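Inspection log for the structure reproduced underneath, given as structure tokens.
The values are calculated or read from the model by the stated rules, or taken from the named source; none is laboratory data. What you see is a predicted model; the values in this text were computed from it and never measured. We place every Cβ from the backbone using ideal geometry, glycine too, and count neighbours over all the protein chains shown.
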Amino acid sequence: MKIKLLTFMVISSLVLFSCAEMTTIKNKLVSWIDSQLDKKDDKKAMNVLDTHDDGKVASWKNPDTQSQIELKPVATYQNNEGQHCRQFELIVNGNSQKKQACRNKETERWKLTDV
């Protein structure tokens, strides 16, 4: 009985460690991807959200950072506050992230929100 309990505790600890470690790795990847973008990329990304249909990929290379960027809107909808929102996939130098942005009604600017 003690061996089974000890085995369960070890496996549970590994699972908890793995989940925490994966969250840390994901957060580091998100921070790294965000650090590869500059104001020029933000401006291009906002233009893509304004003009591209869902599923249409836009890609560009930033001449200053040498980052290769792809942005693909995947869903367009209105949220509970009536804001125009878009879910999209952002790929920077081969690393992918799912993001979401909603347009502020007053400023007409896109603001990233949680997915």
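May I ask you to list the residues in segment 54-75 that are among the polar types (S, T, N, Q) and exposed (fewer than 14 other Cβ atoms within 10 Å of the Cβ)?
The answer is Ser59, Gln66.
Residue check, Lys39 against (1) within 14 Å of Thr113 (Cα to Cα); (2) modelled with pLDDT under 95, all met but one. Which one?
Against the list (1) within 14 Å of Thr113 (Cα to Cα); (2) modelled with pLDDT under 95, Lys39 comes up short only on (1).
From the set of residues in segment 92-115 that are surrounded by 13 or more Cβ atoms within 10 Å (Cβ to Cβ) and under 18 Å from Asp53 (Cα atoms), which is farthest from the chain's Cα centre (by Cα)?
For segment 92-115, the residue satisfying everything is Arg103.
Just checking, how many residues over segment 69-86 are assigned to a strand (DSSP E or B) and out of contact with any helix residue (DSSP H, G or I) (no Cβ under 7 Å at 6 or more places or on another chain)?
The total comes to 9.
Take the conditions assigned by TED's automatic domain parsing to the domain that holds Met46, among the acidic types (Asp, Glu), surrounded by fewer than 17 Cβ atoms within 10 Å (Cβ to Cβ) and assigned to a strand (DSSP E or B) and apply them to Glu89. Does it pass?
Judged against the criteria, Glu89 is a match.
Kindly provide the set of residues from segment 77-101 that are acidic (Asp, Glu) and closer than 20 Å to Asn47 by Cβ, ordered by number.
Glu89
Could you grab me the full set of residues in segment 33-68 that are assigned to a loop (DSSP other than H, G, I, E, B), under 20 Å from Glu108 (Cβ atoms) and of a type in the set (Lys, Arg)?
The answer is none; no residue qualifies.
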